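Enquirer: What follows is a structure written as structure tokens; I'll ask about it next.
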Amino acid sequence: MPRGLLKENLAIQLREEILGGRLVPGEKIIEGRWARQLGVAQVSIREALNILAAEGFVTKGHGRSARVLRLRDSDIIHIYQVRGALEGLAARITIERKLPLQDLESALEAMRQVVQMNDLRKVVERVQQFHVCLLEKPGNPFLREYGRRLVIPLYAFTLMRALAKNLDASPWAAQLANHQRILDAIRMGNAYLAEQVVIHVTNVFLESALTVWAH
């Protein structure tokens with residue numbers, strides 16, 4: 001099997017171990033053990049873990065073993081506080097630069113469709129896509145980088161916890177209206193108001209997270 005395809009397949013297998021709860025938040029992922037278990041070279045496991053680190057499912061400190069991502073309630077609160085500020089800034093810049101909104105509209109419509117399908121994995125993926133789209137929209141590389149650094153692990157952990165609690169898509173169905181509020185606020189064209197709306201709505205998302213899936 002080509003090396004690129006092998007590491008992708010290994011990443012899928014390890015991701016399913018995480019999402020299935022067989023590798024739990026905070027657990028160390030020992031490369032040698034998984035290499036033996038899956039019958040591959042240790043370097044292939046390391047490459048697969050790099051993919052999962054980019055997707056937010058594992059953390060890798062310099063020179064340390066990878067661990068399954070674990071976020072405490074305090075971490076989740078801090079992430080939402082900062083992402084609210086970043087996404088609010090992105091909304092303000094979007095208005096100030098008069099940027100088109102078709103991509104955000106398409107992302108919201110995609111979210112609606114998968115909510116109707118009650119496909120939890122796709123719902124979390126589409127919600128993440130909407131917020132990443134907003135953060136990337138202004139074309140500010142720092143806003144993009146730091147926004148993704150917060151949002152991508154957050155939604156990886158969201159999916160892990162939601163699957164562990166056997167949730168369906170209903171909590172995110174209830175938040176469709178708040179995503180629409182973000183889009184409507186940007187469409188109105190008042191940069192300051194849109195920024196404040198995004199910050200407020202992000203706090204609503206935080207309250208929902210702490211109630212529904214965070215624990």
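The values are calculated or read from the model by the stated rules, or taken from the named source; none is laboratory data. It should be emphasised that the depicted structure is a prediction, and the values quoted were computed from it without experimental measurement. In this analysis, Cβ positions are derived from the backbone assuming ideal geometry, glycine residues included, and neighbour counts consider all displayed protein chains. SASA here: full protein model, heavy atoms, side chains in, ligands and nucleic acids out. Shrake-Rupley method; radii C 1.70, N 1.55, O 1.52, S 1.80 Å.
Enquirer: Whenever you get a sec, line up 161, 67 from highest to lowest accessible area (probe 1.4 Å, protein heavy atoms).
Expert: Highest to lowest solvent-accessible surface, that is 67, 161.
Enquirer: Let me ask something additional. If you take the charge dipole of region 68-215 about its Cα centre, with +1 on Lys and Arg Cβ and -1 on Asp and Glu Cβ, which of 147, 127, 178 is farthest toward its positive end?
Expert: Of the options given, the answer is 147.
Enquirer: At 1.4 Å probe radius, can you tell me the per residue accessible area of the chain in Å²?
Expert: That works out to 50 Å² for each residue.
Enquirer: Which distance in Å, rounded to a whole number, links the C-alpha centroids of region 79-142 and region 146-169?
Expert: Centre-to-centre distance over Cα atoms comes out at 15 Å.
Enquirer: In terms of solvent-accessible area of protein heavy atoms at a 1.4 angstrom probe, what is the ranking of 123, 82, 212, highest value first?
Expert: Descending order: 82, 212, 123.
Enquirer: Roughly how many Å² of residue 192 are accessible to a 1.4 Å probe, to the nearest 10?
Expert: Spelled out: residue 192, probe radius 1.4 Å, area about 150 Å².
Enquirer: Percent of alpha carbon pairs in region 125-215 separated by more than 20 Å?
Expert: 39
Enquirer: Is the shape of region 42-178 best called rounded, prolate or oblate, per the rule: a/c under 1.5 gives rounded, else a/b larger than b/c gives prolate, else oblate, with a ≥ b ≥ c the square roots of the Cα gyration tensor eigenvalues?
Expert: The shape class here is oblate.
Enquirer: Give me the dipole magnitude in Debye, nearest 20, for region 101-215 about the Cα centre, with unit charges on the beta carbon: positive for Lys and Arg, negative for Asp and Glu.
Expert: The calculated dipole for region 101-215 is roughly 240 debye.
Enquirer: Let me ask something else about it. Leaving ligands, DNA and RNA out of it, work out the accessible area of residue 75 with a 1.4 Å probe and give it in Å² to the nearest 10.
Expert: 40
Enquirer: Hey, another quick one. Quote the charge dipole size of region 1-145 about the Cα centre in Debye, to the nearest 20; the model charges only the Cβ of Lys and Arg (+1) and of Asp and Glu (-1).
Expert: 440
Enquirer: For the modelled label position 7 Å from the Cα of residue 55 along Cα-to-Cβ, which residues of region 146-165 have backbone nitrogen atoms closer than 15 Å?
Expert: Counting backbone N atoms under 15 Å from the label point, the list is 152-161, 163.
Enquirer: At a Förster radius of 22 Å, what calculated FRET efficiency corresponds to the Cβ-Cβ distance of residue 200 and residue 78, to the nearest 0.05?
Expert: The pair residue 200/residue 78 has a calculated efficiency of 0.80.
Enquirer: In addition: At 1.4 Å probe size, put 204, 43 in order of accessible surface, largest to smallest.
Expert: From most accessible down to least: 43, 204.
Enquirer: Can I ask one more? Tell me which GluC sites (Glu not before Pro) from region 7-54 have a DSSP coil assignment and no more than 11 other beta carbons within 10 Å of their own.
Expert: Within region 7-54, no GluC sites (Glu not before Pro) qualify (loop, at most 11 other Cβ atoms within 10 Å).
Enquirer: Heads up, I need the accessible area for residue 78: 1.4 angstrom probe, whole protein in place, Å², nearest 10.
Expert: About 100 Å², ignoring ligands and nucleic acids.
Enquirer: Identify, among 32, 169, 189, the residue whose Cα sits farthest towards the positive end of the charge dipole of the chain, taking +1 on the Cβ of Lys and Arg and -1 on the Cβ of Asp and Glu, with the dipole about the Cα centre.
Expert: So the residue we want is 32.
Enquirer: Same structure again: Calculate I(q)/I(0) for region 1-88 by the Debye formula, one identical point scatterer on each C-alpha and no solvent, and give its log10 at q = 0.12, 0.24 Å⁻¹ to two decimals.
Expert: Evaluating at q = 0.12, 0.24 Å⁻¹ gives log10 I(q)/I(0) of -0.41, -1.18.
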